[in-house]
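Student: This is the structure, below, for whatever I ask next.
The values are calculated or read from the model by the stated rules, or taken from the named source; none is laboratory data. Keep in mind that what you see is a predicted model, and the values were worked out from it rather than measured. Here Cβ is always computed from backbone atoms with ideal geometry, including for glycine, and neighbour counts include all displayed protein chains. Note: areas computed on protein heavy atoms with side chains; ligands, DNA, RNA excluded. Shrake-Rupley method; radii C 1.70, N 1.55, O 1.52, S 1.80 Å.
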Amino acid sequence: MATRDVRNFHTHKRNLISTAMPPIALSVKPRRVAVVGAGAAGLVAARELHREGHSVVVFERGSEVGGTWVYTPRVEPDPLGLDPKRPIVHTSLYSSLRTNLPREVMEFRDFPFMARPGENRDPRMYPGHGEVLMYLKDFAREFGIEEMVRFETEVVKVGISEKGKWKVRSKKTSSFTNENGYSIDIINNKSEAEFDDEIYDAIVVCSGHHTEPRIAEIPGINLWPGKQMHSHNYRIPEPFRDQVVILIGSSTSGIDISRDIASVAKEVHVASRSFADETYINQPGYDNLWLHSMIDSAHGDGTVVFRNGKVVLADVIMHCTGYKYHFPFLDTNGIVTVDDNRVGPLYKHIFPPALAPCLAFVGIPWNVAPFPLFEFQSKWVAGVLSDRITLPSQMEMMEDIKAFYLTLEASGIPKRHTHRMDECQFEYINWLASQCGCQGIEKSRKQMFCAAYENMRLRPDTYRDEWEDHPLVFEAHEDSMFDR
């Protein structure tokens, strides 16, 4: 199917699918719900909660919706992100970032992520980050979500109040637009800010998990004299011109950034614990990019030794090693904890049994097609909060969690990967759909997701631009239009 025909099909589908807000359900038990964060998870959570008849307030510390998809050239003053008192930049986007999934896989069910006309729109199947932000803003406008959002309002503390309710303490932030057109947040000093305290029936945490970096442990790194940083603070390649750079991590961001930097750096070396100890490969298509096994040690003379025996005199080590779950505002009296990046105990990655249903998390799983997963999680949360959908007993939920943990352990899956889903996400989404009484994920979208990852594995440099005419695209469009 030609690209132009795909876009025409998108337009036809758009005309056939009504995206107007449906009538609000006559909720059995409407509640006053606070949603923390107006990124993709917070936006769709707000929509589903409102559809169910709940009263919704979304707290957003920034001046616009979009969460991590709001790009800024700013970086944090602590390049490793270890200083707990540092001013936090709530995005990890780099300038050249494009999605690693087709837009058809990313879209919400009843709001097609189609190419739209207009200045600064990106019609590519794997668009840049700016197009994703515009899609989220279009979504928020279409469903009236912006009216529920308190912008420039930071949640300072969420705690258990009397009679099973929750106290939310918030404070105003402020922002200004700099000379480059980027919104810059100014966080008021807590000792001077005026706090607002409010009581809510329920809390839905949608604050994301891309702000607290994980750092690799390297023997001897305290003696190494070069610069260290986390990819959270990477924006453009120019600062690395003519330098020797080591990247730790072979995830999608690590792969993308290594190629970005290779365009200007003297040498780029990618180390990963997922590579065998003898690995030493010159990346095809590059004369200055090598793949290594993990770093063995770093030394005071500036050298870094890899497990494959190679020695590199490096200027920079960049940790592309992911993030920690971090909820500094949330006080559950120790009921919900983060242990080796396992948030728990959570029933189905959402509800802590002892506090269910009035505390829920949307967006915890990773290595997923995020927007559809957020949507099904939100539908379930909304239905449970209105008592239209019944949860198991607290004991039954805890037993389910324990059985899940035992399964992970028996499979050799480390605790830090508790919320990693990969292909299991589709079984999970379909289970959520069955609880909500709605259709699950379309078969074509699962096939597109799997095909996209295989295409990325085989063609990491070109996969984003070599799939315009894939027949699965048309199947996804047909499913989207006719199976809702």
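Student: Given Val305, Val270, which one is free of Cβ contacts under 8 Å to residues at least 60 places away in the same chain and touching a helix residue (DSSP H, G or I) at 6+ places or on another chain (Cβ under 9 Å)?
Tutor: Result: Val270 is the single residue among Val305, Val270 that is free of Cβ contacts under 8 Å to residues at least 60 places away in the same chain and touching a helix residue (DSSP H, G or I) at 6+ places or on another chain (Cβ under 9 Å).
Student: Also, I was wondering about something else. List pairs: first in the range 320-343 and in contact (Cβ under 8 Å) with a residue 40 or more places away in the chain, second among the acidic types (Asp, Glu) and open to solvent by 30 Å² or more (accessible area, probe 1.4 Å), Cβ under 8 Å, 6+ apart or cross-chain?
Tutor: That search, which allows pairs on different chains as well, returns Tyr323/Glu212; Lys324/Glu212; Tyr325/Glu212; His326/Glu212.
Student: Quick one: Trp166 ticks every box in (1) over 19 Å from Glu375 (Cβ atoms); (2) touching a residue at least 40 places away in the same chain (Cβ under 8 Å); (3) open to solvent by 20 Å² or more (accessible area, probe 1.4 Å) except a single one, so which number is it?
Tutor: Here Trp166 clears every test but (3).
Student: Can I ask one more? Restricting to the range 134-158, name every residue that is closer than 28 Å to Asp196 by Cβ and assigned to a helix (DSSP H, G or I).
Tutor: If the condition is that a residue be closer than 28 Å to Asp196 by Cβ and assigned to a helix (DSSP H, G or I), then Leu136, Lys137, Phe139, Ala140, Arg141, Ile145, Glu146, Glu147, Met148 are the ones that fit.
Student: Here's a check for you: in the range 42-91, which residue that is without any contact (Cβ under 8 Å) to a residue 40 or more places away in the chain and charged (D, E, K, R) is surrounded by the most Cβ atoms within 10 Å (Cβ to Cβ)?
Tutor: Applying the filter and picking the extreme gives Asp78.
Student: Same structure again: Give the number of residues within the range 441-469 that are over 19 Å from Ile255 (Cα atoms) and in contact (Cβ under 8 Å) with a residue 40 or more places away in the chain.
Tutor: So the count comes out to 7.
Student: Here is a follow-up. Would you pick out the residues in the range 59-90 that are of a type in the set (Lys, Arg) and not in a loop (DSSP other than H, G, I, E, B)?
Tutor: Here is the first cut: in the range 59-90, the ones of a type in the set (Lys, Arg) are 61, 74, 85-86.
Those that are of a type in the set (Lys, Arg) and not in a loop (DSSP other than H, G, I, E, B): none in the range 59-90.
Residue-by-condition table, conditions (1) open to solvent by 10 Å² or more (accessible area, probe 1.4 Å); (2) in contact with a Phe, Trp or Tyr (Cβ under 9 Å, 6 or more places away or on another chain):
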{"residue": "Pro225", "(1), (2)": "yes, no"}
{"residue": "Gln228", "(1), (2)": "yes, no"}
{"residue": "Arg241", "(1), (2)": "yes, no"}
{"residue": "Ser250", "(1), (2)": "yes, yes"}
{"residue": "Gly254", "(1), (2)": "no, no"}
{"residue": "Ile261", "(1), (2)": "no, yes"}
{"residue": "Phe275", "(1), (2)": "yes, no"}
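Student: Looking only at the range 133-147, filter to residues that are over 21 Å from the mean Cα position of the chain (by Cα) and touching a residue at least 12 places away in the same chain (Cβ under 8 Å); which one of those is surrounded by the most Cβ atoms within 10 Å (Cβ to Cβ)? Reasoning before the result, please.
Tutor: Taking the range 133-147 as the starting set, the residues that turn out to be over 21 Å from the mean Cα position of the chain (by Cα) are 141-144, 147.
If we keep only those that are touching a residue at least 12 places away in the same chain (Cβ under 8 Å) too, we end up with 142-144.
Numbers: Glu142: 14, Phe143: 24, Gly144: 13.
Ranking the candidates gives Phe143 first.
Student: What tally of residues in the range 309-337 results from selecting those that are within 27 Å of Asp256 (Cβ to Cβ) and not aromatic (Phe, Trp, Tyr)?
Tutor: Residues flagged as within 27 Å of Asp256 (Cβ to Cβ) and not aromatic (Phe, Trp, Tyr) within the range 309-337 amount to 15.
Student: Another question about this same structure. Going by what's in this entry, would Gly334 be described as open to solvent by less than 30 Å² (accessible area, probe 1.4 Å) and of a type in the set (Gly, Ala, Ser)? Explain how you work it out, then say what you get.
Tutor: Numbers: open to solvent by less than 30 Å² (accessible area, probe 1.4 Å): no; of a type in the set (Gly, Ala, Ser): yes.
So Gly334 fails the test.
Student: For residues that are open to solvent by less than 70 Å² (accessible area, probe 1.4 Å) and either over 23 Å from the mean Cα position of the chain (by Cα) or of a type in the set (S, T, N, Q) (or both), tally how many sit in the range 448-471.
Tutor: Going through the range 448-471 one residue at a time, the tally reaches 5.
Student: Is there a residue in the range 414-432 that is closer than 24 Å to Glu48 by Cβ, crowded, with 17+ Cβ neighbours inside 10 Å and over 19 Å from the mean Cα position of the chain (by Cα)?
Tutor: yes
Student: I'm trying to understand the selection: among the residues of the range 26-41, which are part of a loop (DSSP other than H, G, I, E, B) and open to solvent by 40 Å² or more (accessible area, probe 1.4 Å)?
Tutor: Within the range 26-41, Leu26, Val28, Lys29, Pro30 qualify.
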